[in-house]
1. Can you tell me, using C-alpha contacts under 8 Å and at least 6 residues apart, the relative contact order of chain A as a whole percent?
2. Spelling out what I want: for every residue of the range A:599-615, take phi, set θ = phi - 60°, compute 6.51 cos²θ - 1.76 cosθ + 1.60 (Karplus), and round to whole Hz; glycine and proline get x.
3. Using modelled amide H (1.01 Å from N, peptide plane; none on Pro or chain starts), what sits under 5 Å from the amide H of A:Glu577, excluding residues fewer than 5 places away?
4. Under a 5 Å amide H to amide H cut-off, with H placed in plane at 1.01 Å, what residues pair with A:His220 once short-range neighbours are removed?
5. Where does the range A:135-225 land on Rg(C-alpha)/(2.2 N^0.38 Å)?
6. Using the Karplus curve 6.51 cos²θ - 1.76 cosθ + 1.60 with θ = phi - 60°, what ³J(HN,Hα) values do you get for each residue of the range A:118-125, in whole Hz, with x for Gly and Pro?
7. Can you pull the percent of Cα pairs in the range A:388-529 with separation above 22 Å?
8. So for the range A:227-285, averaging the separation of alpha carbon pairs under 8 Å that are six or more residues apart and normalising by length, what relative contact order in percent results?
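The values are calculated or read from the model by the stated rules, or taken from the named source; none is laboratory data. Because the structure is predicted, anything quoted here is derived from the model rather than measured. The protein model used for the area step is the full one, side chains on, heavy atoms only, and it has no ligands, DNA or RNA in it. Shrake-Rupley method; radii C 1.70, N 1.55, O 1.52, S 1.80 Å.
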Amino acid sequence: MDGERMDYLEGLNDRQRDAVLHTEGPLLIMAGAGSGKTRVVTHKIAYLIEEKGVYPSSILAITFTNKAASEMKDRVKELIDADVDKMWMGTFHSICVRILRRDIDRLGYDRSFTIYDRDDQITLMKECIKELNIDKTMYKESAVLSKISSLKDASIEPDSYINENYSEFRERTIGELYALYEKKLKKYNALDFDDLIIKTVVLLKENKDILEFYQNKFKHVFVDEYQDTNKIQYEFARLLSGKHENICVVGDSDQSIYGWRGADIGNILNFEKDFENSTVILLEQNYRSTPNILNVANKVIGNNFERQAKNLWTNREEGEKVVYEQLDYSEEEGHFIANKIHQLIYKGYKLKDIAVLYRTNAQSRTFEESFMKEELPYKIVGGLRFYDRKEVKDVIAYLKVLQNPNDNISIKRIINTPRRGVGLATISKIEEYAIEHGESFYGALLSLDEIDSLNARAKNSVSPFIDTMNVLMAKKEVMGLKDFIEEMISSIGYIEELKKEDTIEARTRIENIKEFISVALNFENINEDATLEDFLASVSLLSDVDKTVDENNLITLMTIHSAKGLEFKVVFVVGLEEGLFPSFRSLESDEDIEEERRLMYVALTRAEEVLFITNAKRRTIYGNTNYTLPSRFIEEMGDTIEKPEVKKANIQSKSADESLIRIKDFTMPNLNYNPAMMKKRNDGDKEVNIGDKVKHKKWGIGTVAMVKEREGDKELTIAFDKGGLKRLLLSIAPIEIIGG
DNA sequence: ATTTGTTCTTGTCGG
DNA sequence: AAGAACAAAT
């Protein structure tokens, strides 16, 4: 084995090697984009296990997504033959669930607790607003929730917030909502995402024995993407590493992009102060991108004032210039990129090498349309997600209730799904009864006969539901996960209901439910003795990236936030317009603009070889077409990018402020812009569809029977009136399209 | 009176 | 696309 020892250090640069060999005491690895941090961490773990005799079970590694965790495991496994499944690797949330499942009863919760996602939170908040008779036009659920989230992160209790803001009506009301929200969560035996970490920290702090158990267990703690941790996550990591003090955090302050959800860039900036005897190692050599790409990224991020000086460098080949293209309409962005992709594929790039990155999910649609038209296979990460589909959420809600009958939010979702004739009036009567008798909603259902306010018809509608649920609860105990879910779906008649509809939409819903069943089957296959609890938790804690399959050769469409930590040979960063990127919500604060700039930095540094940035002069979004200004970031890039030939004199010669006002004046809702018309104008003879009539020099009139992509060109199969079937290449064939 | 069907509004980033 | 407000149907 002696000869292999050096393997852990082979191919590492000096700085990386230092990081691997530093095994005692707090360590911060300031890892610039593409500087090989995952490599360092995996080699370090391998080194610890193989050379320092550390048990895999003594290692805790916190990653940003579950996918990152499993990749890390795989990579350690490639280096050494160790039982990597014994390591605790996962997101903050999944690690915390694991801890809570064991001991949450000490905090007065049941171990079968439910995890509330964003939608559940909103429903719960609606319930609170209604119950306190608050003017709902004044308090938006999402706004109240984000305030509550930041209060929770700062460990401010509802009562103290109310007292501190007693004279401020609005703040006091938010405090009251906060108090009720917390009360209900507890009553429903549910935890929101923030709670998962907060309650774990509380559990550890209040129970010395549990804290000591984990402190002894974890001899080495790793935290990836440290720049995006919040206060409570910091506390959690600090607690767990409290005994051995071997905490290794990895991050890049230039890539801190989650400030809006409480991430505290101060965690990484103050690491040296926070942890005594700590060491900092800087990784500045970039292995990912060409100098041309790095120049652009460095140039942009250099405009951030609040920043630790750092400069990425590389010794890679120069590469191609970064190209900036401005289109006339947002719809043309899609066409332009589709065309470029055809060229890139002709050059030998694979679809999976290519990513389109945007600021908001809403932008994905134009690319979907173009790619479908051009027959370019793609996948979308995030956006309208499988797990957000109504039918999938319904099925999950059933499972949540069966696992935790106290989960009122889910019960109310499913009690009339599929339709059973149970309406709002019936539900509120049951709820009244429950409150009156100090019971849970489900408890009230069990004593349905005693609810006098309900008439016979209502009771008849509700009682089959209860019977079904009771039977299912019993079956849950004796059946396997996948079989049970199938049994559940068939006994509630969900699919039958959809079949009756007999629409395309209903059919896709059925498909989605079947897909969900296979997700369960898959989970069961991977995890022996998979419980419903485990399955539900894992489903709740999947990130957008976790939810997409990566086996296929597809173009990736996603937000820049989702792209964090990923890399692609070819990257298109789109929609570089003031108000879109940077987002209009950030325009007024320097701090927010700096975060947008870091986001831009993240986007640019995803690219390895080819990078395009685009924007449009007019953008249609949410049904309105507006004139736009190029993003300030483009100007900041200066001459590091290649701009298209300057077209005419542009109106942007005025100062930015003046132009902004102009934009407002010129905003035209419903410009009546028709993308179909534009296509004719731009694409001319490029656009061919099945059924189009064409005229050929030699064979005369024919009808297009087939269109097939062929290395950036199109191969047409045309049925000619005289001459039969011919296969022709669009670019060279002497044909003229004469109508559709 | 209650439920079901239809139109209208809304819309960063996400575990 | 989905929820809310409103209208129609039982």
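1. Working: 1133 pairs, mean separation 113.5, N = 740.
Computed value for chain A: 15 percent relative contact order.
2. 4, 4, 4, 4, 4, 5, 7, 6, 7, 9, 10, 10, 9, 10, 10, 9, 7
3. A:Ser631
4. Residues meeting the amide H criterion: A:Leu60.
5. Details: Rg = 16.5 Å, N = 91, 2.2 N^0.38 = 12.2 Å.
Relative to the 2.2 N^0.38 Å estimate, the range A:135-225 comes out at 1.35.
6. Taking θ as phi minus 60°, the curve returns 4, 5, 4, 4, 5, 4, 4, 5 Hz for the range A:118-125.
7. Values: 4172 of 10011 pairs.
It works out to 42 percent of all Cα pairs.
8. Details: 45 pairs, mean separation 26.6, N = 59.
Reported as a whole number, the value is 45 percent.
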